[in-house]
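Bear in mind that the values in this text are calculations on the coordinates, not laboratory data. For clarity, every value in this text was computed on a predicted model and none was experimentally measured. Please note: Cβ atoms are built from the backbone with ideal geometry, for glycine as well, and neighbour counts cover all protein chains shown.
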Amino acid sequence: MTTGAQEEVKRRPLVGFLGPKASYSHQATLQSFPEYEWDLTPLVTIPDIFAAVQAGDVAYGVVPFENSTNGSVVFSLDCFADRNRLYPDIAVCAEIYLDVHHYLVGRLPPSSVSCPASTAIPTTGGVPFSPAEDNAGSGTRTPTESEPHPPTPRAHPRADLSHIRRLYSHPQAWGQCTAFLSTYLKGVEAVDVSSTSRAAELVAADPTGTSAAVSSAVAAQLHGIDVLAECIEDRPDNTTRFFVVRKESISPSAERAGVDGRNGAAPQRDVSAELGHPLSTTGGGKGAKTKSLVSFTVPHEAPGALADVLGCFRRFELNLTSINSRPSLVKPFQYVFFVEFQGHKFRDPEERVKGVLEAVGEVAETWRWLGSWDDQRAVSLS
């Protein structure tokens, strides 16, 4: 490598994602941050990503925020709640949508030969089904008093699963594969790990071959393990939305000039043309749909306090797209609320976003703007 090429590699900005490699976060990151222009750095936990961005160790971080089947990722919400004020400068600058198809990955039993899904042998709790017990292996479960309408899995195992004694995955994945897991692996120990790719890594390292992971086909290939079942998610439209976060330490006017005083971090710039969506607050054309995120707390003893804050958005005719909450940890059963709404703090010609933020500041106990970005769902559907 020439000296010039080495210098170019050194200058490439860093992007942190929830690792190890082959995680869904890694796949989402690759959609927007090509490796020929960015250095991608796997980190162990979501708080690690927030900490790295806050410290200026990486220019951007990519974190999962919500899944269309299983809802919000509480680990990310807790970081945005920032109860201990560890990440005061973090803000969302973009979003990424990723279609998520889960695979059951592990080791085939020693005497087993992988077979097509149509001829698979379904199992549950380590005990093979017989045709009489499971409607000839269709995956249909018998209704019971406690579960009168059991879910029907979309997929069947490729082989016998009676050797599986332990399952690994990220907590968010379990709720996306309920029908398959409750039908074919009911009663098998489920162990939470930091990511789906970490789950595959653990399975690959298991010498007994009796563990499996809910992970991705990419992770299975990377770690040299078998696909035991494919597309085991409950819904074919299973999608995860990721947020791109950065450190908001400079003004929009400085950003437009490409100025960034952070030591060792990449200069802020409008990279919408290269990445397909803006990673700055200046991107997006006229009429582009945008979103913003704010958090706030209210005095819980005051009747109508939450309604007063939400009424601000109606007064300024700003549509709410989601509402979440997490415990404040100040007192039991008091909460930090999150509201996502249409509009952009820095592209606000009618000053409606400015108006609503000022109004929220007047009625909320505390509040914080957490970023503005282009609505990628609207872009993809247009």
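Points worth noting:
- Packing, as the average of other Cβ atoms within 10 Å across residues, places the peptides 41-54, 353-366 in the order 41-54, 353-366, highest first.
- Peptide ranges 291-302, 20-31 listed from the most packed, as the mean C-beta count within 10 angstrom indicates: 20-31, 291-302
- The peptide list 232-242, 172-182, put in order of mean Cβ contacts within 10 Å with the highest first, becomes 172-182, 232-242.
- Cα-based shape type of segment 296-370, given that a ≥ b ≥ c are square roots of the gyration tensor eigenvalues and the cut on a/c is 1.5: prolate
- Cα gyration tensor shape of segment 9-73, rounded if a/c is under 1.5, else prolate or oblate by comparing a/b with b/c: oblate
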